[in-house]
Amino acid sequence: TLSEFDAKAAESGSKATERFKSSGKRAALEVPKERVSLLAREVLEAVYATIRTHKVTYDEYNALKEWLIGVGEDGEWPLFLDVWVEHVVEEVATEDRKGSKGTIEGPYYVPDSPEQPTPGRLPRREDEPGTELTWRGQIRGLDGSGLAGGTVEIWHADGAGFYSQYAPGLPEWNLRGTVLADEDGNFEIQTMRPAPYQIPTDGACGKLIAAAGWHAWRPAHIHVKVSAPGHQQITAQLYFPGDAHNDDDIASAVKPELILDPKPAADGAGEEMVYDFVLDPE
Ligand code: MBD
Ligand code: FE
């Protein structure tokens, strides 16, 4: 039977699918015929090699067919791709970057979150559970100078592991906001420490995880998109030291440079941390 958590989590897949379809991302590029042919052929050759090496049976082929149908029915293509494929796309896309490390975007970004002044606070419920977290940082260029006009879009799960707009019952912009940095690139934002995140266990991705004997966890993380005029945007996630899943993230998205160093807040309320971003020029 499904726990309340699983039942809620299952909705997130179809929402992520609908959002991707209306995001315009897919229409951004017409992939040339030669490129499609090359890539499709190589992926298929890798599948043939696996079938031959491991003598895949008809029963296994039909299990795969059923499972792939289920990924679509459950709306979990964004989840599947972002958990098991995006990290390599991100690695290749950013290999020439000289500034700060980034990592995958994942399936739960929502553009145009409400703007927050600095110092500011992410939108949240009055009784938002968890530990207060204050993040101070600066957006700089490669030469070390603070960048004017910068923004930090932030989104993260709540203390129970739920993302607003993907789990029911949360205010629309809960724990999502766009922080406006000052003219020197400095920003300060208050939020709550997120919980570790378990990907939905009741959909096709969960079935794969259970059938393979894997776990479904991502370490607690804060998503960000850092921008400044004339500079390349960085998409990243920030992690907390000591999380049990920093070393075995199901989405393979943790990098040592992205692990925070939070300290008890000087004024006594929760924790505080400093984390800066260095952006490459466009
Ligand atoms: C998440 O919160 C996430 O960040 C990723 C990459 C995949 C599933 C859920
Ligand atoms: Fe996430």
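Throughout, read-outs are computed from the coordinates displayed, never taken from laboratory work. As the structure is a computational prediction, the values presented were derived from the model and not from experiment. Positions of Cβ are backbone-derived with ideal geometry, glycine not excepted, and every protein chain shown enters the neighbour counts.
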Fill in the blank from the handout: Once Lys and Arg are counted +1 and Asp and Glu -1 for all other residues with Cβ under 9 Å from that of residue 135, the total becomes -1
Problem - Size of electric dipole in the stretch 213-279: Cβ of Lys, Arg +1 and of Asp, Glu -1, about Cα centre, debye, nearest 20 - result: 280
Practice task
Identify, among 72, 177, 258, the residue whose Cα sits farthest towards the positive end of the charge dipole of the chain, taking +1 on the Cβ of Lys and Arg and -1 on the Cβ of Asp and Glu, with the dipole about the Cα centre.
Solution key: 72
Exercise for the section: Name the longest site-free stretch of the chain, where the excluded sites are trypsin sites (Lys or Arg not before Pro) in a DSSP loop with no more than 16 other beta-carbon atoms within 10 Å. Expected result: 126-282
Problem - Point-charge dipole on Cβ atoms (K/R +1, D/E -1) for the stretch 86-237, about Cα centre, debye to 20 - result: 340
Handout entry: Residue-span extension gain [residue 92 to residue 33] - 0.36 nm each, minus C-alpha spacing
Key = 19.1 nm
Fill in the blank from the handout: Of the candidates 186, 161, 151, the farthest towards the positive dipole end of the stretch 101-186 (Lys/Arg Cβ +1, Asp/Glu Cβ -1, centred on the Cα centre) is 161
Problem - Contour minus Cα-Cα distance for residue 232 and residue 180 (0.36 nm per residue) - result: 17.0 nm
Exercise for the section: Place +1 on the Cβ of every Lys and Arg and -1 on the Cβ of every Asp and Glu in the stretch 1-149, take the dipole about the Cα centre, and give the residue among 120, 141, 62 whose Cα lies farthest towards its positive end. Expected result: 141
Practice task
Can you tell me the dipole magnitude for the chain around its Cα centre, using point charges on the Cβ only (Lys, Arg +1; Asp, Glu -1), in Debye to the nearest 20?
Solution key: 640
Handout entry: Three-way shape call for the stretch 42-197 based on the alpha-carbon gyration tensor, with the a/c threshold at 1.5
Key = oblate
Practice task
Calculate for the chain the 222 nm mean residue ellipticity that helices alone would give, adding -39,500 (n - 2.57) per DSSP H run of length 4 or more and normalising by residue count, nearest 500 deg cm²/dmol.
Solution key: -9500 deg cm²/dmol
Practice task
May I ask you to evaluate 6.51 cos²θ - 1.76 cosθ + 1.60, the Karplus curve with θ = phi - 60°, for each residue of the stretch 103-117 and list the ³J(HN,Hα) values in order in whole Hz, giving x for glycine and proline?
Solution key: 7, 5, 7, x, x, 10, 6, 10, x, 6, 6, x, 6, 10, x
Handout entry: Choice from 76, 18, 271 with maximal GNM fluctuation in the chain (Cα, 10 Å cutoff)
Key = 18
Problem - Whole-percent pair-distance distribution, where bins are 10 Å wide, for the alpha carbons of the stretch 219-282 - result: 20, 41, 31, 9, 0
Exercise for the section: Please work out whether the stretch 4-279 counts as rounded, prolate or oblate from its C-alpha gyration tensor, where a ≥ b ≥ c are the square roots of the eigenvalues and a/c under 1.5 means rounded, while otherwise a/b larger than b/c means prolate and anything else oblate? Expected result: prolate
Practice task
Step through the table entries 25/98; 65/207; 101/225; 15/207; 21/207, compare each Cα-Cα distance with 21 Å, and write down the pairs that go over it.
Solution key: 25/98; 21/207
Exercise for the section: Using label points projected 7 Å from each Cα along Cα→Cβ, tell me how many nm separate residue 195 and residue 52, to one decimal. Expected result: 4.9
